[in-house]
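Q: Just passing along the structure, written as structure tokens.
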Amino acid sequence: YTADQIVFSAGAWNPRFVSNLKLSLRLERQVLFWFEPASSPELFRPENCPNHSWEYKSGYGLYVQPDFGGGVKTAFHHGGEMFDDPVDLDRAVREEDERSLRHAISPILPQLNGRKLRSAVCLYTDTPDYHFLLDWHPGHKNVIICSPCSGHGFKFSAVMGEIVADMVTKGTTGYDTPLLGIESLLSEESQSQCPDD
């Protein structure tokens, strides 16, 4: 296949596509739970329970999303097990995963601490500053690397798509994106191997 431009937006697999850059991206195992409220289920209906999160300890969050019919979704935001390769992700939900989450929510939302309806393991792709990555490859200005990551990218998917479309079709965007630049994620070794062209 040939193309004038390429966009790599492969989440946890991005580092594999641009392995020569040695980007400082880390993968984080996260476990999501959907609980049936133990009491006061009306508190968790969408009209009464906006998406919300709080810092349960320094640097680590916990979030809750309302019950749309399949239970109240809750999970930690950061603080999960770190690893380097997505194929190494342990997708089994462990007893300790549920125990630690229940321990964190019990003093704050005891009504939520009911029966577990389901659970799932996902992964975050984290940058050191927990921002996104969206920039041109430093050695190939027709290659865009896009990683709306760090556990909160899904909320920005529409605008990230718009920015990528601008970059592909116009070579620039009207959005202020320096915070998302690749420079801070490059190792010194990869910076010396990727001259601008």
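Q: If you go through region 134-178, how many residues are within 11 Å of the chain's Cα centre (by Cα) and either part of a strand (DSSP E or B) or of a type in the set (Ser, Thr, Tyr) (or both)?
A: Qualifying residue count, region 134-178: 2.
Q: Looking at (1) touching a helix residue (DSSP H, G or I) at 6+ places or on another chain (Cβ under 9 Å); (2) crowded, with 19+ Cβ neighbours inside 10 Å, which one does Gly151 not meet, given that it meets all the others?
A: So Gly151 meets the others, but not (1).
Q: Continuing with the same structure: Which of (1) of a type in the set (Ser, Thr, Tyr); (2) closer than 13 Å to Phe35 by Cβ; (3) in contact with a Gly (Cβ under 7 Å, 6 or more places away or on another chain) does Tyr124 not meet, given it meets every other one?
A: For Tyr124, the exception is condition (2).
Q: Would you check which residues across region 3-36 are loosely packed, with under 15 Cβ neighbours inside 10 Å and of a type in the set (Asp, Glu) and list them?
A: Correct list: Asp4 only.
Q: What number of residues in region 55-67 are exposed (fewer than 12 other Cβ atoms within 10 Å of the Cβ) and within 18 Å of Phe33 (Cβ to Cβ)?
A: Of the residues in that region, 0 qualify.
Q: Right, here's the next one. Do any strands (runs of 3 or more DSSP E) lying entirely in region 23-128 carry at least 1 residues that are out of contact with any Phe, Trp or Tyr (no Cβ under 6 Å at 6 or more places or on another chain), modelled with pLDDT of 95 or more and among the small types (Gly, Ala, Ser), and which ones are they?
A: In region 23-128, the matching strands (runs of 3 or more DSSP E) lie at 72-77, 116-126.
The values are calculated or read from the model by the stated rules, or taken from the named source; none is laboratory data. Nothing here was measured: the structure is a model prediction, and the numbers come from that model. Neighbour counts run over all protein chains shown; Cβ positions are idealised from the backbone, glycine included.
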